[in-house]
Amino acid sequence: MVQGKEEGTIEQFPAWLNQELFREYLERDFPDLKTVKSFRLETTGGNGENYTTLLLRAKFELELKDGSQQSTSYMAKVLPNNGNRENVISWQVFEKERTTYGQYVPEFEQMYRDAGKKITFGAHYYEPKEPLKEEEVIVLEDLGRRGFRNVNRHIGLDIQHAEAVLEKLAHFHAASAVRFQLKGAYPAVYNRNLCSKQDDFKEFRHNQIKAFVEALPLYEASDLAQSVESFGRQAEDMFQQYAPQIDGEFRVLNHGDAWCNNFMFQYDKSTGKISEIYFVDLQMSRFCSPAQDLLYFILSSTQLDIKIAKFDHFIKYYHDKLTENLKLLKYPKQLPSLRGLHQSIFTYGDWILPIITVLLPIVLVDGSDDANMDSMMDSEGSGEKFRNNLFKNPRIIRNQKEILPWAHRRGAFEVPK
């Protein structure tokens, strides 16, 4: 029997997402399975936590052949039941994530094992024997069962958590760069974060920049209005843009959506220290400079008092870990220099505006009924209300006061001549 959460309804869940879908995974995990006693679907997170997909927890009570009882659960990622459903299909994010989890993550982990180092990048991915033909679903291990959890996105990551993320990104990036040299190019789907056939976000970007410019006085940055408006008018959608082909550029498979909710932490029970960190949401990976992940992560997800003050420290820390792992994996080309990495971060400075006008406000906004993709795309009504919440809450005001002068000094809003 399928049940929803007390506050939910059965109708919010796809009818095909039933216990039979999980049968092959249960039989793999429990070879002595006798029967499924109960099955329950639950939504995860809350308002403002998921925008592009619907993430559900499938909970089971089992009876084994020896008569004992066992509880287990899986995470299932499916298409959203909203107006953004067709967009998500066009982005090819499920295709990309299946390939990353099913092929590249195991390859990268094996590369480290071959080099004498145990690295795990994320939850166990359950690859189906026969994928569904007309529906999209990705089934993963429920990391909550092993004590993994997120850090509060409103507070952000302290220096220890931030360095743990940067080290894990360095592991992932290094393996992806070595694999590229050994086996050649990644599929074309990895040339962009979102693989839309057309740009459906022009009106959204216009509305977002307009609301952001109107809020600049709150950030004590009224003098930037003309620059931001001009830059925003000509800027491409970074999420749909093809990765530039720059001669000699060091490139990696970026996580692509590297903000705090997409990293889960496990802690040592005796010391309370971080014992492991796993990625989630590998649906927006792009093969380009690691500058994308670095700007995206540091500006969106670190605590305010270290976001700018420790920015260069974070880049140096990441570079040290990157080169260490490239050496371990026997990267066949010249190692990327720290100076080159900083130059690449300037080159990819176009990412700063979408990060601080789209991603960062979403990270810092309170959960509410209108904190969803439909509201984001709405040009009026709930959209106006949501944008007001995005740009005028005290957390974003404090962050923008810190980030905007730094971004301006770096030429982040200069329109190319």
So Val165, is it assigned to a helix (DSSP H, G or I), assigned by TED's automatic domain parsing to the domain that holds Ile298, closer than 25 Å to Ala291 by Cβ and more than 19 Å from the chain's Cα centre (by Cα):
no
Suppose we keep only residues that are polar (S, T, N, Q) and under 24 Å from the mean Cα position of the chain (by Cα) within the range 196-226. Which one would you say is surrounded by the fewest Cβ atoms within 10 Å (Cβ to Cβ)?
Gln198
Go through the range 402-417 residue by residue and tally those that are within 25 Å of the chain's Cα centre (by Cα) and over 17 Å from Gly232 (Cβ atoms).
2
Helices (runs of 4 or more DSSP H) wholly inside the range 1-119 containing at least 1 residues that are at pLDDT 95 or above, within 19 Å of the chain's Cα centre (by Cα) and buried (at least 17 other Cβ atoms within 10 Å of the Cβ):
93-99, 105-114
Under 7 Å between Cβ atoms, at least 6 apart or on separate chains: pull out the pairs that start in the range 76-102 with a residue that is touching a residue at least 24 places away in the same chain (Cβ under 8 Å) and end on any residue that is surrounded by fewer than 21 Cβ atoms within 10 Å (Cβ to Cβ) and of a type in the set (Lys, Arg).
Leu79/Arg85; Ser90/Lys197
Name the residues in the range 293-332 that are within 26 Å of Gly248 (Cα to Cα) and basic (Lys, Arg), would you?
Lys316, Lys321, Lys327, Lys330
Matching residues, the range 270-304, being under 24 Å from Leu338 (Cα atoms) and charged (D, E, K, R)
Arg286, Asp293
Go through the range 213-228 residue by residue and tally those that are part of a helix (DSSP H, G or I) and farther than 13 Å from Glu414 by Cβ.
10
Does Ile306 satisfy the condition of being aliphatic (A, V, I, L, M), at pLDDT 95 or above and in contact with a strand residue (DSSP E or B) (Cβ under 7 Å, 6 or more places away or on another chain)?
no
Every listed condition ((1) among the hydrophobic types (A, V, I, L, M, F, W, C); (2) farther than 15 Å from Ile355 by Cα; (3) outside any helix (DSSP H, G or I)) holds for Met238 save (2)
So in the range 385-415, with the set limited to residues that are without any contact (Cβ under 8 Å) to a residue 60 or more places away in the chain, over 20 Å from Leu157 (Cα atoms) and not polar (S, T, N, Q), which one is surrounded by the most Cβ atoms within 10 Å (Cβ to Cβ)?
Phe386
From the list Leu132, Leu140, which one is within 29 Å of Glu27 (Cβ to Cβ), under 18 Å from the mean Cα position of the chain (by Cα) and not assigned by TED's automatic domain parsing to the domain that holds Lys269?
Leu140
With Ser289, Ser337 as the choices, which residue is among the small types (Gly, Ala, Ser), free of Cβ contacts under 8 Å to residues at least 60 places away in the same chain and surrounded by fewer than 18 Cβ atoms within 10 Å (Cβ to Cβ)?
Ser337
Please list, ordered by first then second residue, the pairs with beta carbon atoms under 7 Å, 6 or more apart or interchain, first in the range 195-214 and under 16 Å from Asn87 (Cα atoms), second surrounded by 13 or more Cβ atoms within 10 Å (Cβ to Cβ) and charged (D, E, K, R).
Asp199/Asp237; Phe201/Asp237; Arg205/Asp237
Of the residues in the range 253-286, those that are charged (D, E, K, R) and at positive phi number 1
Scanning the range 173-190 residue by residue, those in a helix (DSSP H, G or I) and either in contact with a strand residue (DSSP E or B) (Cβ under 7 Å, 6 or more places away or on another chain) or under 22 Å from Leu364 (Cα atoms) (or both) turn out to be His173, Ser176, Ala177, Tyr190
Pairs please, first residue from the range 61-74 and in the same structural domain as Thr43 (by TED's automatic domain parsing), second anywhere and assigned to a strand (DSSP E or B) and of a type in the set (Gly, Ala, Ser), Cβ atoms under 8 Å, 6+ apart in sequence or on different chains.
Glu61/Ser38; Glu61/Ser71; Leu62/Ser71; Ser73/Ala58; Tyr74/Ala58
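Conditions tested, residue by residue: (1) without any contact (Cβ under 8 Å) to a residue 24 or more places away in the chain; (2) within 27 Å of Pro416 (Cβ to Cβ); (3) surrounded by fewer than 16 Cβ atoms within 10 Å (Cβ to Cβ).
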site	(1), (2), (3)
Gln245	yes, yes, yes
Gln266	no, no, yes
Leu304	no, no, no
Lys321	no, no, no
Could you figure out which of (1) free of Cβ contacts under 8 Å to residues at least 60 places away in the same chain; (2) loosely packed, with under 15 Cβ neighbours inside 10 Å; (3) of a type in the set (Asp, Glu) isn't true of Glu136?
(2)
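The values are calculated or read from the model by the stated rules, or taken from the named source; none is laboratory data. Just so it is clear, the structure is predicted and the values come from calculations on it, not from any experiment. Note that we place each Cβ from the backbone using ideal geometry, even for glycine, and neighbour counts take in every protein chain shown.
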